[in-house]
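A.B. asks: Have a look at this one before I ask anything.
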Amino acid sequence: MKVRSSLPSSLLATLTATLPATLAAALVLGPAQPCGAIDTIQLKIPLLETSFSLRLSELADPTRLFDGTSDFAEINRATGGKLGQQLRKVLNTPLPLPMGHVLRQSVGTPLLEQALLVLSTLGTVHGQPPDLSGRLLQQALETVVAQGHPTVLTLLRAIPGDSVSVDLGRATSVLERLVAQQRLADRLLAKAPAATAPLQGSFPGPLPVRERSAALTVSHRSVPLQVVLVEPAQGGNGRLVLISHGLWDSPASFLGWARVLASRGYTVLLPIHPGSDKSEQQAMLSGKAPPPSAAELRLRPLDLKRLMDGAAAAQLGLAAGTDASKVVVVGHSWGATSALQLAGVRPSSNQLVQRCLDTTDADRNLSWTLQCSWKSAADEAALADPRVIAVAAVSPPTHLLFDYGAARDLSGRVLLVSGSRDWVVPPGPEAIEPFRGALGQGHQLVLAEGGDHFNLRPLAAADGGVLGALLVAWVEGSFAAGEGVRPGRSAPPLLPPGGWGHAAMPLVDVTGQLSPL
């Protein structure tokens with residue numbers, strides 16, 4: 001293999017960047033039957049139109065690498081050993097011990113199977129069936145943990161097999177697909193001005209705010225539902241807002257929204273969804289709990305419904321006169337999906353059955369791993385609630401769960417918000433295209449230029465973060481509309497022309513730029 005002096009650094013960057021995918025592909029595609037350990041990885045590099053061999057046994061020590069015969073050994077000699085030194089450092093990085101716990105709890109679950117299915121497209125073990133259950137990976141991890149000091153290198157060498165080939169071109173095509181899923185948002189953002197920000201000093205609101213916690217016994221959970229209550233200390237308006245967190249998150253990430261709304265008179269309830277909250281993530285990492293089950297697709301909206309029941313029955317100690325018959329629900333990520341269910345969008349397994357196994361689907365994105373894990377529960381998760389007059393859905397996974405046109409059945413008005421740089425739930429397939437099926441009913445789509453899946457959350461920001469003013473404007477418009485809040489052909493927009501933007505991140509209402517498919 002001829003080597004130019006400029007090649008090693010670019011190869012090192014390629015190897016370092018793609019090592020996790022290389023490892024995962026080897027683990028997924030390793031043969032299930034006993035045989036020798038994998039020693040050779042072939043990296044297919046499309047730009048160079050060549051394959052690059054990497055022998056693990058040569059990487060075990062510097063002397064063997066200098067005397068080795070693989071392509072990598074030759075390049076290492078050309079760099080005076082620097083390339084091998086750096087790659088060996090990467091390969092000898094200790095593995096996080098919780099990996100074993102995670103896999104032990106995840107084996108056989110739809111969430112893990114979907115993740116392994118996608119990773120399996122990056123590599124091939126010729127003549128061997130893929131292991132999409134995760135059992136092979138679990139066994140290899142247990143082996144290296146038992147030996148002590150598990151690293152990337154020792155884990156690779158614990159995989160049964162002879163060699164594995166990894167196609168970097170496929171990894172590149174996946175990245176290009178994710179970039180393409182953001183282009184439509186960029187085009188829409190370029191066509192309309194951003195909303196103006198609220199005047200300094202007029203936001204958030206004048207009322208003092210207090211916070212407390214409560215527990216509510218519910219029939220659909222084996223434990224009481226924990227809830228954070230944020231409310232005006234005095235002078236409340238009696239109106240109720242619920243905020244639903246996403247997967248492995250908590251109310252703490254959304255206190256900024258709650259405090260801003262409470263400062264303007266609203267009572268805000270933030271439930272902790274057991275089974276998919278932050279503590280469950282910690283339990284999963286320690287091996288005490290499995291990943292979220294498909295049943296959570298139904299249980300999360302039930303949490304919200306029971307909170308409304310509890311508020312109506314005076315079980316939460318809310319201020320006298322709090323009205324639980326008309327409620328606005330705000331959600332982020334999976335919480336936004338739950339909000340849409342309450343607003344009347346009916347989940348369906350149709351697309352989940354048809355598209356989850358197609359790893360080449362042009363719309364496939366990271367959120368499909370979660371969405372495809374819902375397949376067994378989708379048809380039983382229709383939970384529309386007439387008390388929900390409007391929802392604000394921030395970055396919801398929607399494309400597979402809801403059939404196109406399902407939004408026509410909405411009983412509550414919807415504000416859909418998506419970040420133009422969201423890699424987890426990209427705006428093209430998960431927000432813009434599904435929203436076309438809801439056009440003409442008074443729903444609105446706002447894009448955040450530069451927003452990703454996490455920076456739209458407010459955490460504890462005093463102004464509610466990027467979306468604070470937008471959510472206040474939506475909530476206030478929803479309640480002010482009276483009976484006109486319901487979706488319909490003559491329903492006017494609930495958002496005012498401006499005053500809900502953000503100085504640091506442009507927010508654009510692109511509803512008027514869209515046309516039905």
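The values are calculated or read from the model by the stated rules, or taken from the named source; none is laboratory data. All figures in this text were calculated on a predicted structure; none of them were measured in a lab. Heads up, the Cβs are rebuilt from the backbone with ideal geometry, glycines too, and the neighbour counts pull from every protein chain shown.
A.B. asks: Please determine, by comparing only the residues of the range 132-155 that are under 25 Å from the mean Cα position of the chain (by Cα) and either crowded, with 18+ Cβ neighbours inside 10 Å or outside the structural domain of ARG88 (by TED's automatic domain parsing) (or both), which one is modelled with the lowest pLDDT.
C.D. replies: If we take residues in the range 132-155 being under 25 Å from the mean Cα position of the chain (by Cα) and either crowded, with 18+ Cβ neighbours inside 10 Å or outside the structural domain of ARG88 (by TED's automatic domain parsing) (or both), then LEU132 is modelled with the lowest pLDDT.
A.B. asks: Please verify whether LEU189 is in contact with a Leu (Cβ under 9 Å, 6 or more places away or on another chain), within 30 Å of PRO427 (Cβ to Cβ), modelled with pLDDT of 70 or more and in a helix (DSSP H, G or I), treating the condition exactly as stated.
C.D. replies: Judged against the criteria, LEU189 is a match.
A.B. asks: So, LEU447, is that one over 22 Å from ARG183 (Cβ atoms) and outside any loop (DSSP other than H, G, I, E, B) or not?
C.D. replies: Considered against the rule, which asks whether it is over 22 Å from ARG183 (Cβ atoms) and outside any loop (DSSP other than H, G, I, E, B), LEU447 comes out as no.
A.B. asks: Still on this structure, I have one more. Among the residues of the range 396-404, are any surrounded by fewer than 19 Cβ atoms within 10 Å (Cβ to Cβ) and not in a strand (DSSP E or B)?
C.D. replies: yes
A.B. asks: Answer yes or no: is there a residue in the range 169-186 that is of a type in the set (Gly, Ala, Ser) and either farther than 28 Å from SER418 by Cα or part of a loop (DSSP other than H, G, I, E, B) (or both).
C.D. replies: The answer is yes; a qualifying residue exists.
A.B. asks: Moving on. For LEU316, state whether it is modelled with pLDDT of 95 or more, out of contact with any Lys or Arg (no Cβ under 7 Å at 6 or more places or on another chain) and in a loop (DSSP other than H, G, I, E, B).
C.D. replies: Judged against the criteria, LEU316 is a match.
A.B. asks: Is there any pair linking a residue in the range 222-242 that is more than 8 Å from LEU269 (Cα to Cα) to one that is in a strand (DSSP E or B) and among the basic types (Lys, Arg), with Cβ under 6 Å and at least six apart or on different chains, and which?
C.D. replies: Close Cβ pairs satisfying both conditions: ALA233/ARG210.
A.B. asks: So, in the range 222-247, how many residues would count as being of a type outside the set (Ser, Thr, Tyr) and in a strand (DSSP E or B)?
C.D. replies: Of the residues in that region, 13 qualify.
A.B. asks: Oh, and also: Which of the following residues is within 15 Å of GLY331 (Cα to Cα) and surrounded by 17 or more Cβ atoms within 10 Å (Cβ to Cβ): PRO487, PRO458?
C.D. replies: PRO458
A.B. asks: Could I ask something else about it? Would you point out the residue of the range 53-80, among those that are in a loop (DSSP other than H, G, I, E, B) and surrounded by 15 or more Cβ atoms within 10 Å (Cβ to Cβ), that is modelled with the lowest pLDDT?
C.D. replies: Going through the qualifying residues, I end up with ALA60.
A.B. asks: State whether one or more residues within the range 323-342 are without any contact (Cβ under 8 Å) to a residue 40 or more places away in the chain, surrounded by fewer than 24 Cβ atoms within 10 Å (Cβ to Cβ) and among the acidic types (Asp, Glu).
C.D. replies: Scanning the range 323-342 turns up no residue that is without any contact (Cβ under 8 Å) to a residue 40 or more places away in the chain, surrounded by fewer than 24 Cβ atoms within 10 Å (Cβ to Cβ) and among the acidic types (Asp, Glu).
A.B. asks: Here's something else I'd like to know. Just to verify a result, which residue in the range 444-455, among those that are in contact with a helix residue (DSSP H, G or I) (Cβ under 7 Å, 6 or more places away or on another chain) and surrounded by fewer than 24 Cβ atoms within 10 Å (Cβ to Cβ), is nearest to PRO198 (Cα to Cα)?
C.D. replies: GLU449
A.B. asks: Return a yes/no flag: does the range 248-255 have any residue that is assigned to a strand (DSSP E or B) and not aromatic (Phe, Trp, Tyr).
C.D. replies: Within the range 248-255, one or more residues are assigned to a strand (DSSP E or B) and not aromatic (Phe, Trp, Tyr).
A.B. asks: Any idea which of VAL330, VAL345 is in contact with a Phe, Trp or Tyr (Cβ under 7 Å, 6 or more places away or on another chain) and not in a loop (DSSP other than H, G, I, E, B)?
C.D. replies: VAL330
A.B. asks: Separate question: Looking at the range 411-440, which of its residues are buried (at least 24 other Cβ atoms within 10 Å of the Cβ), under 20 Å from LEU297 (Cβ atoms) and among the aliphatic types (A, V, I, L, M)?
C.D. replies: Scanning the range 411-440 gives VAL414, LEU416, VAL425, ALA431.
A.B. asks: Can you go through ARG259, ARG212, ARG221, ARG239 and tell me which one is surrounded by fewer than 14 Cβ atoms within 10 Å (Cβ to Cβ) and at pLDDT 95 or above?
C.D. replies: Testing whether each residue is surrounded by fewer than 14 Cβ atoms within 10 Å (Cβ to Cβ) and at pLDDT 95 or above leaves just ARG212.
A.B. asks: Restricting to the range 157-202, what's the tally of residues that are closer than 30 Å to LEU95 by Cα and over 28 Å from the mean Cα position of the chain (by Cα)?
C.D. replies: So the count comes out to 9.
A.B. asks: Hey, any hits in the range 407-418 for a residue that's among the hydroxyl-bearing types (Ser, Thr, Tyr) and more than 14 Å from ASP186 (Cα to Cα)?
C.D. replies: yes
A.B. asks: So for the range 442-450 (the condition being in contact with a Pro (Cβ under 6 Å, 6 or more places away or on another chain) and farther than 20 Å from LYS191 by Cβ), does at least one residue qualify?
C.D. replies: Scanning the range 442-450, I find at least one residue that is in contact with a Pro (Cβ under 6 Å, 6 or more places away or on another chain) and farther than 20 Å from LYS191 by Cβ, so the answer is yes.
A.B. asks: Kindly evaluate SER411 against the criterion of being in the same structural domain as HIS332 (by TED's automatic domain parsing), touching a strand residue (DSSP E or B) at 6+ places or on another chain (Cβ under 7 Å) and either over 19 Å from ARG346 (Cβ atoms) or of a type in the set (S, T, N, Q) (or both).
C.D. replies: no
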